[in-house]
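In what follows, a structure is listed as structure tokens, so that the remarks can point back to it.
The values are calculated or read from the model by the stated rules, or taken from the named source; none is laboratory data. Bear in mind that the values here come from a model prediction, so they are computed numbers and not experimental data. Reconstructed Cβ throughout: ideal geometry from the backbone, glycine too, with neighbour counts over all protein chains shown.
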Amino acid sequence: MMAGIHEVKDDDNIPGDVAGGSMEMVTFTAIIDDIVFPDGRTKLACLGGGGPQSAFGALLWFSNGERVGLAAKVGTDFPDSCKDWLETAGIDTSGLVLWPNPTLRTWQFSEPLDGSIHEILEDEDRESESWDMVLPELNMLPPLYQKAKTYHAGVHPSGLDVPFLRALRDSGAEVLSVEVYMYAEEVVPYSELQALVSAGHIFSPNEREAASLVGAGTPLELIGRLSKLGAEIVVLRRGPLGCIVHRSDTKETWDVPAFHTVFYEGRKENCDTTMTKLQKTGLEGMDVEAILDPTGCGNTFCGGFLAGWYKTRNLLTAALWGSISASIMLEYEGIPPPMVSQWTAAAQQRLNFLQPHARKIVFT
């Protein structure tokens, strides 16, 4: 058995937490990514799946010893390099559950024009098995994981994972954040859609995913439809256009541009999003890297947003934290180096730079 990873057996007792305390956040799912870049280069055996990226995005804003854990089913082939990255980043790994099957692995194809990602399971024969591995049941996890203060989960765009989400919310969590990990390939029945969208406190699709669920429309139309379906907070992620965030109860709405888009505005010569050679440019004391890889940036945004909402209950602050978290992930192929503390000062600088560019919208 891999060190630090819990093997589940039929008569198993779930391990307790010897350190005590509490778990501020739990994120879900670990997959091994093999990434293909627009120029044909590849980077293999990258830590992916959304859970590590969401945890990284949150940890950028946690500085008081808050604990963030990753819950995932992994095989004995889960690379030591991936587990080492998690532990060095300060992510609790006691929620990694050893499964008898190999760790899920996917090809990720990055598109040069819009930064979108196409995901293909490497062994299509494992598709049905993959559903069982993506999200470990709550009762499989250590006690602290079962009573975390917040959760973030990426789920299928249907009613498939609604029971799982309800279990998370019924655990007493303060905040449950939900994203869908792909667009809907067929019409989702209204009852399933309503159950999905209203399952958490935060619902965060990108524009394509939102349109696949509620039909094509302007960003505000998409948000309005999701709000009517029961989403308490809608976070519409728009890639290089940033995000629009909305509270259904107060109608508060903000349009927050993407950090790199604002940073490079008027500097078109430095804004080639297809570049793969690392370049640095400075503005107001900031070091900003070229855009390298959008893989996992949406997940990272969600982690930062959840951290911001949990700590401040301020919609704009949460959107800014998510945006800055994503901007750091965007500058690395695969995942960044795991020493999260090295970005604390840079994240605050970027936050101060981006905040004046946020625009409040009157939502009718």
Taking the stretch 292-318 and keeping only residues that are within 13 Å of the chain's Cα centre (by Cα) and of a type in the set (Gly, Ala, Ser), one is left with 296, 298, 303, 304, 307
Scan the stretch 215-236 and report the pairs whose first residue is small (Gly, Ala, Ser) and whose second residue is surrounded by fewer than 22 Cβ atoms within 10 Å (Cβ to Cβ), with Cβ atoms within less than 6 Å and a gap of 6+ or a chain change.
227/248; 230/194; 230/198
Working carefully through the options 138, 196, 176, find the one that is crowded, with 18+ Cβ neighbours inside 10 Å and closer than 26 Å to residue 100 by Cβ.
138
Mind checking which residues of the stretch 41-74 are free of Cβ contacts under 8 Å to residues at least 40 places away in the same chain and either under 24 Å from residue 133 (Cβ atoms) or aliphatic (A, V, I, L, M) (or both)?
42, 44, 45
If you take the residues in the stretch 265-293 that are in a loop (DSSP other than H, G, I, E, B) and within 27 Å of residue 314 (Cβ to Cβ), which one is modelled with the highest pLDDT?
265
Filter pass, residue 43 being in a strand (DSSP E or B) and surrounded by 24 or more Cβ atoms within 10 Å (Cβ to Cβ)
no
Just one listed residue, out of 137, 129, is closer than 23 Å to residue 105 by Cα and modelled with pLDDT under 65, and it is 129
